[in-house]
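Undergrad: Let me give you the structure first, and then I'll get to my questions.
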């Protein structure tokens, strides 16, 4: 049975071209640096985001935590937005792996006020931790895209205090598509960036961490420390190359389908769509209390061939991706209408 899967854009499975490239990929041993397909992917990824070098890592969380480990010392403090993925969806890894303290700032749909960022940078005081890193997230997991000017202003603050900026760019290509800019216009405002190949781009596994040569050399050793030293990973990298060359350019279709879904959902009595966070392929909405139980909705959708996550923080999130068509959106919306009746 084919399911319409709206849980996330991480559910995208490899395209047929990816499977063919994976089956015929030239491989070596990446820990020794001689896997040609991994080397090709890392060179391509660095070029695309305008950095000197890049490193293939197993996941987005791995890439973010590797960045924190490489940028900081134990006991340091990292400044980031209070709803950042690193804070709420990475299992407290910053405390376990890098041993750092996270200092969060209340943001506006993910965007931090540069003046507040500057205010939260610690002075050189024996009683205080050392601020060593500022993190931003673009696009933000709340569904909003941060303006380039906001990123630029935060980078200027960081430069003033000689601090690096790391970008959680899991969906940075969605952000670029939404802003209608080359992704380098975004990434020039950070020193390092992690971006996903398996979130919306259909690669089965993997993310990239990019930065200057010195940083990536250090991160490569830390990747080994974290258990991420990979061997014949060219099989995975082959799919990543297709993701970057073929899938990035079609993300606007997912955005259009999400726009269509948001409009159709908003027409249903009792449903309120949050249009203030409707920048990419994420649709957040609430259902009026008492209309349907969460478990009933999730189970009924599943029985009808639709996979969704349950309610979180009082709202639902539907995510469009390569395998969700406009007809799938219509089917989902009509099924929801039936259930609410």
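Undergrad: Name every residue in region 63-77 that is farther than 12 Å from residue 135 by Cβ, touching a strand residue (DSSP E or B) at 6+ places or on another chain (Cβ under 8 Å) and not in a helix (DSSP H, G or I), in order of residue number.
TA: If the condition is that a residue be farther than 12 Å from residue 135 by Cβ, touching a strand residue (DSSP E or B) at 6+ places or on another chain (Cβ under 8 Å) and not in a helix (DSSP H, G or I), then 73, 75, 76 are the ones that fit.
Undergrad: Output the residues belonging to region 1-32 that are out of contact with any strand residue (DSSP E or B) (no Cβ under 8 Å at 6 or more places or on another chain), under 24 Å from residue 328 (Cα atoms) and buried (at least 19 other Cβ atoms within 10 Å of the Cβ).
TA: Once the filter is applied, which keeps residues that are out of contact with any strand residue (DSSP E or B) (no Cβ under 8 Å at 6 or more places or on another chain), under 24 Å from residue 328 (Cα atoms) and buried (at least 19 other Cβ atoms within 10 Å of the Cβ), region 1-32 yields 12, 14, 15, 18.
Undergrad: Between residues in region 280-303 that are touching a residue at least 12 places away in the same chain (Cβ under 8 Å) and residues that are in a loop (DSSP other than H, G, I, E, B) and loosely packed, with under 14 Cβ neighbours inside 10 Å, which pairs lie under 7 Å by C-beta distance while being six or more apart or on different chains?
TA: 286/314; 287/270; 288/270; 291/270; 294/310; 298/310
Undergrad: Determine which member of the set 49, 78 is modelled with pLDDT of 95 or more, in contact with a helix residue (DSSP H, G or I) (Cβ under 8 Å, 6 or more places away or on another chain) and more than 27 Å from residue 248 (Cα to Cα). Before the answer, list the steps.
TA: Values: 49 fails: more than 27 Å from residue 248 (Cα to Cα).
So the residue among 49, 78 that is modelled with pLDDT of 95 or more, in contact with a helix residue (DSSP H, G or I) (Cβ under 8 Å, 6 or more places away or on another chain) and more than 27 Å from residue 248 (Cα to Cα) is 78.
Undergrad: Which condition from (1) without any contact (Cβ under 8 Å) to a residue 24 or more places away in the chain; (2) buried (at least 23 other Cβ atoms within 10 Å of the Cβ) is the one that residue 259 breaks?
TA: Checking residue 259 against (1) without any contact (Cβ under 8 Å) to a residue 24 or more places away in the chain; (2) buried (at least 23 other Cβ atoms within 10 Å of the Cβ), the one that fails is (2).
Undergrad: With the condition kept exactly as written, say whether any residue in region 248-256 is modelled with pLDDT of 95 or more, touching a strand residue (DSSP E or B) at 6+ places or on another chain (Cβ under 7 Å), surrounded by 14 or more Cβ atoms within 10 Å (Cβ to Cβ) and under 30 Å from residue 38 (Cα atoms). Full working, then the answer.
TA: Within region 248-256, the first condition is being modelled with pLDDT of 95 or more, and the residues that meet it are 248-256.
Within this subset, residues satisfying the condition of being touching a strand residue (DSSP E or B) at 6+ places or on another chain (Cβ under 7 Å) are none.
No, because not a single residue in region 248-256 is modelled with pLDDT of 95 or more, touching a strand residue (DSSP E or B) at 6+ places or on another chain (Cβ under 7 Å), surrounded by 14 or more Cβ atoms within 10 Å (Cβ to Cβ) and under 30 Å from residue 38 (Cα atoms).
Undergrad: Would region 78-94 turn up any residue that is over 20 Å from the mean Cα position of the chain (by Cα) and either in contact (Cβ under 8 Å) with a residue 12 or more places away in the chain or not in a strand (DSSP E or B) (or both)?
TA: Checked against the condition, which is being over 20 Å from the mean Cα position of the chain (by Cα) and either in contact (Cβ under 8 Å) with a residue 12 or more places away in the chain or not in a strand (DSSP E or B) (or both), region 78-94 yields no hits at all.
Undergrad: If you don't mind, another one. Give the residue that is nearest to residue 311 (Cα to Cα), with candidates limited to residues of region 25-49 that are in contact (Cβ under 8 Å) with a residue 40 or more places away in the chain and not in a helix (DSSP H, G or I). Explain how you work it out, then say what you get.
TA: The initial filter retains those residues of region 25-49 that are in contact (Cβ under 8 Å) with a residue 40 or more places away in the chain, namely 25-31, 35-38, 40-42, 44-46, 48-49.
Subsequent filtering for residues that are not in a helix (DSSP H, G or I) retains 25-29, 35.
Working: 25: 41, 26: 44, 27: 43, 28: 44, 29: 43, 35: 43 Å.
Here the answer is 25.
Undergrad: Within region 64-71, can one find any residue that is over 19 Å from residue 138 (Cβ atoms), surrounded by 19 or more Cβ atoms within 10 Å (Cβ to Cβ) and in contact (Cβ under 8 Å) with a residue 12 or more places away in the chain?
TA: Looking only at region 64-71, we keep the residues that are over 19 Å from residue 138 (Cβ atoms), and these are 69-70.
If we keep only those that are surrounded by 19 or more Cβ atoms within 10 Å (Cβ to Cβ) as well, we get 69-70.
Filter once more, so that each one left must be in contact (Cβ under 8 Å) with a residue 12 or more places away in the chain: 69-70.
Scanning region 64-71, I find at least one residue that is over 19 Å from residue 138 (Cβ atoms), surrounded by 19 or more Cβ atoms within 10 Å (Cβ to Cβ) and in contact (Cβ under 8 Å) with a residue 12 or more places away in the chain, so the answer is yes.
The values are calculated or read from the model by the stated rules, or taken from the named source; none is laboratory data. Bear in mind the structure is a predicted one, so any value in this text is a computation, not a measurement. Please note: Cβ atoms are built from the backbone with ideal geometry, for glycine as well, and neighbour counts cover all protein chains shown.
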